[in-house]
Amino acid sequence: PRKMFIEVQIRSQEMHFISEYGIAAHWYYKSTDKPSEKLAQNWLGSLLDIQQNSDSSIDFLESTKVDLFPDEVFVFTPAGKIIQLPQRATVLDFSYAVHTNVGKRTQKATINGNEADLATALKSGQTVEITTSRLVKPKPNWLDMVITSKAKTAIKAQLKENSKVELSKLGKHLISDALKYQKIDINDIPKEKWKECLKELHCSNFHDLYIKVGLSEIFVAVVINKLLKDISKETINTITINKTK
């Protein structure tokens with residue numbers, strides 16, 4: 001009328017439903033008598049209802065992910081990367097999920113800008129920032145702070161490795177002290193003597209020898225006897241180290 005254009009849309013009830021609620025509505029709209037399809041139909045219906053009442057796509061995601069992934073949480077790195085973790089996962093689990101090297105050096109963390117304990121359980125939507133330090137090493141109590149198998153396995157391996165390092169230092173210290181008692185510097189022992197000693201004691205390398213001495217699997221006196229064989233005329237049976245025999 002009066003030379004004005006009028007837009008007219010003619011559509012069926014199903015077409016209108018899809019237009020209003022999206023393509024997923026097609027499956028909801030289709031009638032079925034199968035119980036499994038009825039359940040799916042009801043679930044889609046609830047999603048459509050949430051969609052209509054959500055202010056944004058983010059709100060929609062927040063509302064639906066609990067239903068879609070009831071046993072998981074989704075948290076963010078400061079760069080916006082999504083890290084998927086099981087329910088009850090902690091800050092320390094998050095660190096190991098990002099990378100094993102991040103996990104083992106975790107010093108402290110913040111959740112949404114607030115400082116948080118490493119054992120804090122995470123919730124979906126949180127942003128977690130980890131501060132690392134090369135001085136940090138995994139501790140035995142860390143195993144009580146994590147629930148993911150990745151974190152637990154990594155922590156156990158690192159604790160074992162750290163233990164070996166400490167034992168190696170102890171073993172070397174004991175041998176060095178014993179040699180000093182004999183007024184011999186550990187660096188003055190000929191390489192050939194070390195090779196013979198390692199071979200006779202079935203050790204693959206110095207690290208292996210030091211660890212076994214640290215564990216008392218090989219006695220210091222035995223090592224000294226072999227190192228000083230043909231050098232010293234006296235066989236060493238008792239060695240005093242730091243006033244302890």
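For the stretch 127-152, enumerate the residues that are more than 13 Å from D93 (Cβ to Cβ) and of a type outside the set (D, E). Give the derivation first.
Start the filter on the stretch 127-152 by keeping residues that are more than 13 Å from D93 (Cβ to Cβ), which leaves 127, 129, 131-141.
Those that are more than 13 Å from D93 (Cβ to Cβ) and of a type outside the set (D, E): T127, T131, T132, S133, R134, L135, V136, K137, P138, K139, P140, N141.
Listed residues T131, T64, T153; which is modelled with pLDDT of 95 or more and hydroxyl-bearing (S, T, Y)?
On the way: T64 fails: modelled with pLDDT of 95 or more; T153 fails: modelled with pLDDT of 95 or more.
The conditions single out T131.
Of all residues in the stretch 167-185, those that are in contact (Cβ under 8 Å) with a residue 12 or more places away in the chain and assigned to a helix (DSSP H, G or I) total 12.
There is at least one residue in the stretch 80-95 that is hydroxyl-bearing (S, T, Y) and under 20 Å from K156 (Cα atoms). Of the strands (runs of 3 or more DSSP E) lying entirely inside the stretch 71-159, those containing at least 1 residues that are among the basic types (K, R) and surrounded by 14 or more Cβ atoms within 10 Å (Cβ to Cβ) are 106-111.
The values are calculated or read from the model by the stated rules, or taken from the named source; none is laboratory data. Small disclaimer: the values here were computed from a predicted structure and weren't measured. Glycine gets a Cβ as well: all are built from the backbone with ideal geometry, and neighbour counts include every protein chain shown.
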